[in-house]
Structures are given as C-alpha cells and as structure tokens.
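What follows is a set of notes on a single structure, which appears directly below.
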C-alpha cells in the first residue's frame, strides 16, 4: 500500500469510526492521515499528492484533501471543494466542510480585496 492509499484508508476509517460513534478511534485515524501529509510536506510533495484526491469519489477523502492542501498553496482549489461539500447532502461531512471554511484563517475573505 502506498502513502496515498494509506491516506485514503485512514480518512475513510476516520469517518466510519465517527459514524459508529467512536470519536476517539476516529481521532486516531485522523492523526494517521495527518502524519502522512506531514511526511509529504517535508518531502515537498504534499500539493501533488493531495490535488488528485480533491476529485476522489468519496466526499470524506475530498474533505480531508481540501482541508490539508490549504497549507500547501491550494487555498483557492480547497475553497471550491469545501464550498461544494458544504452545500451538498453529506451529513456531518458537509457540516465539517462548512466549519473549515468559516474557521481556517487562510480561507477567510481578504477585507482589502473583497470589499
């Protein structure tokens, strides 16, 4: 299993655990995905590894990829994906996408340019 498959697996498992009501197990899976992204960041390949996942069939994978890619120069593309997810009918994934949009500092409107 390569790192991208491991990231997908950890992300899908995270949301499966959340759905089952086990937030602690979900958090452990999220941390596993985060460690993978951190390795990609250190190797300067994070953007390239995450970008294809923004079109993954799973909304959970798209959400995770969008939330992480913001830190690696993908603010505009992440915003687009997160907005679509937040307006979709994906239950807690849509809610979380909306929360990321509203809380992440890099995704906030620029008061100078959005006036």
Computed helical MRE - 222 nm, the chain, DSSP H runs ≥ 4 contributing -39500 (n - 2.57), nearest 500: -22000 deg cm²/dmol
Rough spin-label spacing in nm, given labels placed 7 Å along Cα→Cβ, for residue 42 and residue 20: 3.0
Segment residue 6-residue 83, extension gain: residue separation times 0.36 nm, minus the distance between their alpha carbons: 25.2 nm
Contact order normalised by residue count of the chain, Cα under 8 Å, 6+ apart, percent: 17
Sorted by Cβ density within 10 Å, fewest first, the residues 15, 40: 40, 15
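Counting other beta carbons within 10 Å of each residue's own, what order do 96, 7 fall into, fewest first?
Neighbour counts put them in this order, fewest first: 96, 7.
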Fraction in percent of alpha-carbon pairs per bin - 5 Å, the chain: 2, 12, 22, 24, 21, 11, 4, 2, 1, 0
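We did not get these values from a lab; they are worked out from the coordinates using the rules stated. This structure is a prediction, so every number in the text was calculated from the model and none was measured. As a convention, Cβ positions derive from the backbone with ideal geometry for all residues, glycine included, and neighbour counts pool all protein chains shown.
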